[in-house]
Amino acid sequence: MTIPNTAILVTGGAGYIGSHTVRLLAGLGRKVVVLDSLVFGHDRAIIDPDVELVVGDVGDQDLVRSLFKKHNFAAVVHFAAYAYVGESVTNPLKYYQNNTAEPIKLLQVMQECGCKVFVFSSTCATYGVPDKLPITEANQQNPINPYGQSKLMVEKILSDCDNAWGLRSACLRYFNASGCSPDGKIGEDHNPETHLIPRVLMAVTGEIEYLEVFGTDYDTPDGTCIRDYIHVEDLADAHIRALDHLSAGGESLRCNLGTGVGVSVKEIISAVEEITGKTVPVKYGPRRAGDPASLVADPALAKELLGWVASRKNIRDMVGPAWTWMSAPNRGRYPPNLISA
Ligand code: NAD
Ligand code: UDP
């Protein structure tokens, strides 16, 4: 019996961005299988009963082969990675292993099985300190940490695989993922949490004593760093578009996913105070090593190639749902995994 190749393998689908994308895919009636080690993921983040969660590692070729045999995947969406920039500096091999070497093993199985569509979670960290703003895809890619380098290496590998065996890929360079599903059913639960918006909210709920602002002497209007915060559901939407583009025979692409709007750390704090009605306890500290002053996307290419534009550009649209998630009885945390990692 021939298995129809309509199923999609989503690695890291029990994580933050992956789970929002899986939910959108499942809502569109797509057959989805999630492969996640649950090292950082949450089994309860997979809320659609039709989605199969397989607990395992992307680099486990026997497991991945068996999944291909069972489902004959039409495409792979690859979120699985480690994403702590600071840790990547102190433990680079962990990042090159998980973020570069493991995907190579996955790609080997894809080649064996004839699967030629790959959507990849890349990052604005591949640009390093931008040579000009806003950042277009023509900016130089000079990562300043092993995390960014580990992702850029995969971009290059994907391009070589396209030349060699016709793998078509979409490298989606996300800026700062934020917010969550407005119904509060799934959200951002990283442990440890290092991202700004959840940490500001954690300072409001008392989970941390105060928010430390990393640097107030940047060459920006208020002295704090500027980032481009993109809603996680807009990111999810871009993945569907990238999948559809490649599945229809479209060429490989690389594009930024951001709003094009820069928001400073102080502006985030003000937005949180406005939405929660509470004062954020703040301490002003030194710069965090490796933080560029401003990272803002030019998202024009994603519009041109995928017809994608961010539907939410106001920072309150990211902070509002994040606050709903963080102020619910679960306080922004999933219950412990039922399945062990
Ligand atoms: P996350 O940690 O919430 O999700 C990653 C998931 O991958 C986790 O569930 C983890 O258990 C799983 N995983 C890790 N290594 C694995 C492996 N070898 N095999 C199987 N599963 C594995 O991270 P996220 O914030 O959702 O980010 C998703 C992707 O997007 C990552 O590749 C990250 O580098 C990239 N990215 C994130 C952001 C952001 O702002 N969050 C920005 C740019 C790029
Ligand atoms: N930031 C901060 N305090 C924190 C966490 C982050 O001042 O506790 C700043 C950080 O220096 C950066 C911005 O907030 O300028 C966004 O940081 P985040 O870690 O969320 O994302 P990154 O841009 O590093 O991927």
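Things worth noting here:
- Arg199 vs. criteria open to solvent by less than 50 Å² (accessible area, probe 1.4 Å), under 19 Å from the mean Cα position of the chain (by Cα) and under 18 Å from Tyr84 (Cα atoms): no
- When the test is whether a residue is within 20 Å of the chain's Cα centre (by Cα), more than 16 Å from ligand 1 (Cβ to nearest atom) and among the polar types (S, T, N, Q), Thr194 does not pass it.
- Segment 300-329, residues that are outside any helix (DSSP H, G or I) and open to solvent by 60 Å² or more (accessible area, probe 1.4 Å): Val309, Ser311, Lys313, Asn314, Pro329
- Sole exception among (1) in contact (Cβ under 8 Å) with a residue 60 or more places away in the chain; (2) under 20 Å from Tyr229 (Cα atoms) for Asn139, by number: (1)
- Candidate set from segment 271-296 (those that are surrounded by 17 or more Cβ atoms within 10 Å (Cβ to Cβ) and more than 10 Å from ligand 2 (Cβ to nearest atom)); member that is nearest to Tyr210 (Cα to Cα): Val280
- Every listed requirement among (1) open to solvent by 20 Å² or more (accessible area, probe 1.4 Å); (2) within 14 Å of ligand 1 (Cβ to nearest atom) is met by Ser181 save one, (1).
- Scanning segment 49-81 for residues that are surrounded by 17 or more Cβ atoms within 10 Å (Cβ to Cβ) and part of a loop (DSSP other than H, G, I, E, B) gives Val51, Gly56, Asp57, Val58, Gly59, Asp60, Phe73, Ala74, Phe79, Ala80, Ala81.
- Top-ranked residue in segment 103-124 [being open to solvent by 20 Å² or more (accessible area, probe 1.4 Å) and in a helix (DSSP H, G or I); ranked as nearest to ligand 2 (Cβ to nearest atom)]: Ile104
- Number of residues in segment 236-270 that are within 12 Å of ligand 2 (Cβ to nearest atom), open to solvent by 10 Å² or more (accessible area, probe 1.4 Å) and in contact with a Phe, Trp or Tyr (Cβ under 8 Å, 6 or more places away or on another chain): the value is 2.
- In segment 30-43, the residues that are of a type outside the set (D, E, K, R), open to solvent by less than 70 Å² (accessible area, probe 1.4 Å) and either within 16 Å of ligand 2 (Cβ to nearest atom) or not in a strand (DSSP E or B) (or both): Ser37, Leu38, Gly41, His42
- Checking each residue in segment 302-341 for being touching a strand residue (DSSP E or B) at 6+ places or on another chain (Cβ under 9 Å) and of a type in the set (Gly, Ala, Ser) picks out Ala302, Ala310, Ser311, Ala322, Ser340, Ala341.
- Of the numbered criteria (1) more than 15 Å from Gly307 (Cβ to Cβ); (2) under 17 Å from the mean Cα position of the chain (by Cα); (3) not in a helix (DSSP H, G or I), the one Thr279 fails is (2).
- Among the residues making up segment 149-198, those that are among the hydrophobic types (A, V, I, L, M, F, W, C) and either within 16 Å of ligand 2 (Cβ to nearest atom) or more than 19 Å from Tyr127 (Cβ to Cβ) (or both) are Leu152, Cys161, Ala164, Trp165, Leu167, Leu172, Phe175, Ala177, Cys180, Ile186, Leu196, Ile197.
- Condition broken by Pro286, with the remaining ones in (1) modelled with pLDDT under 95; (2) farther than 22 Å from Gly179 by Cα satisfied: (1)
- Gly86 out of contact with any Phe, Trp or Tyr (no Cβ under 8 Å at 6 or more places or on another chain) and either free of Cβ contacts under 8 Å to residues at least 60 places away in the same chain or under 15 Å from His239 (Cβ atoms) (or both): no
- Only one entry of Glu233, Glu212 meets the criterion of being within 16 Å of ligand 1 (Cβ to nearest atom), under 26 Å from Ser327 (Cα atoms) and open to solvent by 50 Å² or more (accessible area, probe 1.4 Å), and that entry is Glu233.
- Selection within segment 142-156 - without any contact (Cβ under 8 Å) to a residue 40 or more places away in the chain, open to solvent by less than 60 Å² (accessible area, probe 1.4 Å) and in a loop (DSSP other than H, G, I, E, B): Pro143
- Failed item in (1) under 16 Å from the mean Cα position of the chain (by Cα); (2) part of a helix (DSSP H, G or I); (3) more than 16 Å from ligand 2 (Cβ to nearest atom); (4) closer than 24 Å to Cys161 by Cα, with Asn99 passing the rest: (3)
The values are calculated or read from the model by the stated rules, or taken from the named source; none is laboratory data. This is a predicted model, so every value here is computed, not measured. Please note: Cβ atoms are built from the backbone with ideal geometry, for glycine as well, and neighbour counts cover all protein chains shown. Ligands, DNA and RNA are excluded from the accessible area calculation, which covers all protein heavy atoms including side chains. Shrake-Rupley method; radii C 1.70, N 1.55, O 1.52, S 1.80 Å.
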